[in-house]
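Novice: Just dropping this structure here.
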Amino acid sequence: MLVGEHTVIPASLLALLTNWPAGILVVTLLAVRLRRARNDSLSTIPAVGYSAPILSFITAFQFNVDGHKLLQQGYDKYKPGLFKIAMWDQWYVVATGPQLVNDISKAPDDVLSVMEGSHELFQVRYTMGSQVTRNPYHIPLIRSQLSKRLSVIFDDIHDEVVAAFNNVVPEKGSEWISLSPHLTVEKVICRISNRVFVGTPTYLNDDYQGLNIEFAVNVTQLARRISQFPGFLRPIVGPLLTTLPSQLKRQTKHLAPIIEARRKQMLQHGDDWEKPNDMLMRLMDAAEGEELSTTNLARRVLALNFDSIHTSSKTFIYALYDLAANPQYVQPLREEVEAALEADGWTKAGLDRMQKVDSFLRESQRVHGLHYASMRRVALKPFTFSNGITIPAGTTVACCTKPVHCDGAIYDRPDVFDPFRFVETREDQAPQKTVSTSLNHLPFGHGLHACPGRFFAATELKTMLAHIVVSYDVKFEEGQEFPPDYFSEVFCVPGPATIMFRKRQLVH
Ligand code: HEM
Ligand SMILES: *[C@@H]1O[C@H](CO)[C@@H](O)[C@H](O)[C@H]1NC(C)=O
């Protein structure tokens, strides 16, 4: 059929069919009606937005673009309790209030599955490969080899923080240099993290860095495209749309030479050789069966980067904006960092003394945060909350996060960025540290699946922040201020702004 100016109706029909979201909508309609019928048991849970069959598409659409508004509405109206939001082909059930968040945080995996939750959120089957969540052997390694050995790897982290910043902010006397944090912070984080993940010299390779940075962004985009299709079509479109094979090939090209060299050493010397001190080596030691293959090791390193780069860099950009927007806090931070350095130098012990730096980061995470809901799970069996409400198998659940952090009943003056509010103030009161999660502080989740990378992330980000305050002056470019956030679905990221850096000017 020709598409000309006389064929208005066929042309729009064609447009409908070739325009994915619209075409999919039609197909989805069917799926939704089937699925909703099975979900009648959720009818006691109040809905935010529309819940009638066709109108609920409006809400599903709104959830995709402005999910944060719906989540805030639900929180304000139904806390403490449950509410639900229509997605294209299912309900998204959200828990609010400490009791119900506690229920989710403690639920065992065979009842509320974190694996199925991340399959849904990131379409892991197609974007990374299902073994990443089916056999998550890297998670205990993050706990034992990364989190518990931070004192040992601290030198590497600090060294790389200095080198990475020297590289993006060249020393130029007293001149200000403009930087777009979105471009630079990801590179800095990628470099520091990968020194610890794969070691020398791979972590410095431009193509390797580009791949691992883009991978995180592309997975998220691809997952959203695949999620537009109803569940029963995903096994067909997922493999068609995925770019995983070429990404894996590229990652394998970078890692194969070092993996093979290490295998040779292992064959010759067993454990009796000077093993590199990085995550790749730990992965090679711990992997079993098919996970020992070069491709699957490469895949696992991609997954590690997926978990860390985006989360850590967006968190840091917010902290950087907070620093630029609140110059009155720079002096107290500098004094604290300098005192800590005098006592312990650039060591993990020195970093642990920096309570204000830690509190600054925690407060920045509280006020901004990367999500309005997290801890997504899929019920594999009927699950009964402590308020007596039961959700059937197959239901998606999550917890409100950002609305908790902005709740005036929990935090004093919640809208105020008060960077030292978590510093120890009384003798009987331990400081609330960036890494401590609670039912009222959920940037890293809480409970069984709280982020295992948070100890590493906090060390990395605090070292970066401490290094910046003692080494640079920072401000927004003339005429700019804290930019508005960008939202999509449950997520929130910092908007673009230009930050000016200059070598710190010592005034006496
Ligand atoms: C500031 C940076 C980071 C933030 C804000 C963050 C946040 C989170 C959140 C909210 C979860 C979900 C918890 C849940 O579903 O209950 C999570 C899980 C996870 N994070 Fe992080 N994360 C960060 C950095 C990292 C880093 C650096 C790594 C790796 C070294 C990492 C590895 C993981 C892994 C493996 C999980 C899954 C845990 C599980 O399923 O048991 N994260 N993270
Ligand atoms: C990510 O997506 C962009 C745009 O679609 C593409 O140019 C790039 O090659 C992709 N990167 C990776 C690592 O797949």
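Novice: Rounded to the nearest 0.05, what FRET efficiency is calculated for Val152 and Lys249 with R0 set to 45 Å and r the Cβ-Cβ distance?
Specialist: About 0.85, to the nearest 0.05.
Novice: Follow-up. Just the number: Rg to Rh for segment 67-170, Cα atoms, Kirkwood Rh, two decimals.
Specialist: 1.12
Novice: Compute the distance from the alpha-carbon center of segment 280-310 to that of segment 475-508, in whole Å.
Specialist: Cα centres, segment 280-310 to segment 475-508: 34 Å.
Novice: Percent of alpha carbon pairs in segment 389-432 separated by more than 14 Å?
Specialist: 67 percent
Novice: OK, next. Give me the compactness ratio for segment 263-333, meaning the Cα radius of gyration over 2.2 N^0.38 Å. Please report the intermediate quantities before stating the final value.
Specialist: Working: Rg = 19.8 Å, N = 71, 2.2 N^0.38 = 11.1 Å.
Against the empirical 2.2 N^0.38 Å value, I get 1.78 for segment 263-333.
Novice: Give me the number: length gained by fully extending Gln265 to Asp206, i.e. 0.36 nm times residue separation minus the C-alpha to C-alpha distance, one decimal in nm.
Specialist: Stretched out fully, the Gln265 to Asp206 stretch lengthens by 18.5 nm.
Novice: Could you do me a favour and compute the accessible area per residue for the chain, 1.4 Å probe, result in Å²?
Specialist: Value returned for the chain: 45 Å² of accessible area per residue.
Novice: Oh, and also: Accessible area of Glu214, 1.4 Å probe, to the nearest 10 Å²?
Specialist: Accessible area, nearest 10 Å²: 100 Å².
Novice: I would also like to ask the following. Obtain the radius of gyration and the Kirkwood radius of segment 283-404 from its C-alpha atoms and give Rg over Rh. Can you show the working numbers first?
Specialist: Values: Rg = 21.1 Å, Rh = 18.7 Å.
Ratio value, two decimals: 1.13.
Novice: While we're on this one: What FRET efficiency do you get for Asn166 and Gln355 if R0 is 22 Å and r is their Cβ-Cβ distance, rounded to the nearest 0.05?
Specialist: FRET efficiency, Asn166 to Gln355: 0.20.
Novice: Separation between the Gln331 and Arg413 pseudo-spin-labels, each 7 Å from Cα along Cα→Cβ, expressed in nm?
Specialist: A separation of 1.9 nm, rounded to one decimal place.
Novice: Can you compute the modelled spin-label distance between Thr347 and Ser180, with each label point 7 Å from Cα toward Cβ, in nm?
Specialist: Output for this residue pair reads 4.2 nm.
Novice: Given H placed 1.01 Å from N in the peptide plane, which residues other than close sequence neighbours of Ala47 have an amide H under 5 Å from its amide H?
Specialist: The list, which skips near neighbours in sequence, is Lys84.
Novice: In addition: Once the mean 1/r over all distinct Cα pairs of the chain is inverted, what Kirkwood radius in angstroms do you read off?
Specialist: Over the chain, the inverse of the mean reciprocal pair distance is 24.6 Å.
Novice: What are the semi-axes of the equivalent ellipsoid for segment 150-203, taken as the square roots of 5 times the Cα gyration tensor eigenvalues, largest first, in whole Å?
Specialist: Taking √(5λ) for each Cα gyration eigenvalue gives 23, 13, 9 Å.
Novice: Determine how large the accessible area of Trp346 is when every protein chain is in place; take a 1.4 Å probe and give Å² rounded to the nearest 10.
Specialist: 60 Å²
Novice: In Å³ and rounded to a whole number, note down the convex hull volume per residue for the Cα atoms of segment 248-293.
Specialist: Taking only Cα atoms, segment 248-293 has a hull volume of 77 Å³ per residue.
Novice: Report, to the nearest whole %, how much of the accessible area of the chain belongs to carbon and sulfur atoms, 1.4 Å probe, protein only. Numbers along the way, then the final one.
Specialist: Details: 12840 of 22750 Å².
Ligands and nucleic acids excluded, carbon and sulfur reach 56 percent.
Novice: Between Asp109 and Asp76, with labels modelled 7 Å along Cα→Cβ, what's the label distance in nm to one decimal, could you check?
Specialist: Result: 3.9 nm between the two label points.
The values are calculated or read from the model by the stated rules, or taken from the named source; none is laboratory data. All figures in this text were calculated on a predicted structure; none of them were measured in a lab. FYI the Cβ positions are ideal-geometry reconstructions off the backbone, even for glycines, and counts take in every protein chain you see. Accessible surface areas use protein heavy atoms only, side chains included; no ligands, DNA or RNA. Shrake-Rupley method; radii C 1.70, N 1.55, O 1.52, S 1.80 Å.
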